[in-house]
Amino acid sequence: MIIREGSLNLEILKGFEKGPGARGDGFYNREMQTSRDFTVSILKIIGRGNALDSMAGTGIRGLRIALEAGWNVVVNDINKKNVEIIERNANENNINVEIWNKNFFSAVSEKKWDYIDIDPYGSPSGFIEAAIFNLKNNGIIGVTMTDTANLEGKSLKKGFRIYGGISQRGIYSRELATRIFLGYILKRGASLGYGGTPLLVIREKHYIRAFVRFKKGSGVSDKILEKIHESTVDEKKVGPLYMGELYNKEVISSIDKNGLSTNSIKLLERFWNEDLMFLFFTNSRGTEELNMDMIINKLRENGFKAGKTNFYEKGIKTNASQDEFKNIIYNL
Ligand SMILES: C[S@@+](CC[C@H](N)C(=O)[O-])C[C@H]1O[C@@H](n2cnc3c(N)ncnc32)[C@H](O)[C@@H]1O
């Protein structure tokens, strides 16, 4: 059947109409549209170059990057059947892209890239270094990790083994996982002599999606390493994790809201709050739960910046200190 995503008419196989469907031929997950919308949005802002959609499935992401952002794209997948689907999707939409049927590692090392997209099933840990190594100076990687349970759920030990950071379950797990994952990516870059700067990160549903730009040079790499260290949460050690800014203000202020879904717009508006503090306060006052908007408005009336976070539904980010926050909620 043919569905519509972004500006594309996309052929998908039976079984992929709604949710993720099974891994295998023609894999397509509608749930990841937000991640693809932001990929296109960022590449529209960055300016054109050459991109590798290294694990393309139906080709949806790479084809949208070519059609909507105007980049020169190579759309690659290891699965022969997927390559046939990608060819049909490119033809159906009259999109001029190169289509490859290679293993990630041979595709990525063919040339130097301005953008490499890594979107595997599960953990991307084995692919990140090779991608960074094959970027042009100031190139960007967009990477998805769907093994969030390893940093947020039952298997924290496995998360430590893969990503090298101690996480925690509970209300802070999503932010901790995101920062440990970013720390992991940035350390891989530093080991190759690249200083990474996160442009934007999404933590929603079952996945984390990070966009990081890499600049060559030992000075920039050393500088970024200073932002990756351990911390303490609820009297327990966490990390090492990335404690720097998660969002590049220029990027998030340039994103065109036209064409973004309501969900993407909600996420985007909250991106502005995430760097106000590490973690967040909650709407609890003792055993009571206060109205979120009431707290946020009061903080703003008192001259603070404040807003909701994507990391926890009842979380509030602000530049007020803990004492200032307490003072405000106990006087509401
Ligand atoms: C999660 S799907 C990609 C979904 C797609 N990017 C999208 O946005 O709809 C993962 C894809 O990676 C491909 N893949 C897995 N391992 C690969 C490898 N080593 N090299 C290239 N492609 C690979 C699979 O065939 C599959 O199509």
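Here, each number is a calculation from the coordinates, and none is a lab measurement. None of these values were measured; they are calculated from a predicted model. Glycine gets a Cβ as well: all are built from the backbone with ideal geometry, and neighbour counts include every protein chain shown.
Quick one: Kirkwood hydrodynamic radius for the range 273-330, alpha-carbon pairs, angstrom, one decimal?
Result for the range 273-330, one decimal place: 11.1 Å.
Given a Förster distance of 41 angstrom, what is the FRET efficiency for residue 171 paired with residue 138, based on the Cβ-Cβ distance and rounded to 0.05?
0.65
What base-10 log of the normalised intensity I(q)/I(0) is obtained for the chain from the Debye formula, alpha carbons as equal point scatterers, at q = 0.06, 0.14 Å⁻¹?
Log10 of I(q)/I(0), two decimals: -0.22, -1.12.
Using DSSP to call loops (not H, G, I, E or B), can you name the trypsin sites (Lys or Arg not before Pro) in the range 257-332 whose Cβ has at most 10 other Cβ atoms within 10 angstrom?
257
With a cut-off of at most 16 other beta carbons within 10 Å, and DSSP calling the residue loop, which trypsin sites (Lys or Arg not before Pro) in the range 1-64 qualify? Please list them. Before the final figure, lay out each step's value.
Working: sites: 4, 14, 18, 23, 30, 36, 44, 48, 61, 64; in loops: 14, 18, 23, 48.
Passing both the DSSP loop test and the Cβ count: 14, 18, 23, 48.
Calculate the length of the line joining the C-alpha centroid of the range 162-223 to that of the range 78-135, in whole Å.
Computed from Cα coordinates, the inter-centre distance equals 22 Å.
Taking the beta-carbon count within 10 Å as an exposure proxy, list 97, 83 from fewest neighbours to most. Write down the numbers at each step before the final one.
On the way: 97 24, 83 19.
Ranked by crowding around the Cβ, least crowded first: 83, 97.
Return the loop-located trypsin sites (Lys or Arg not before Pro) in the range 73-151 (DSSP other than H, G, I, E, B) with at most 14 other Cβ atoms within 10 Å of their own Cβ; answer none if there are none.
Counting only loop positions with at most 14 other Cβ atoms within 10 Å, the trypsin sites (Lys or Arg not before Pro) in the range 73-151 are 111, 112.
Per 0.36 nm of contour for each residue apart, how much would the distance between residue 154 and residue 265 grow if the chain were fully extended, relative to their Cα-Cα spacing?
36.8 nm
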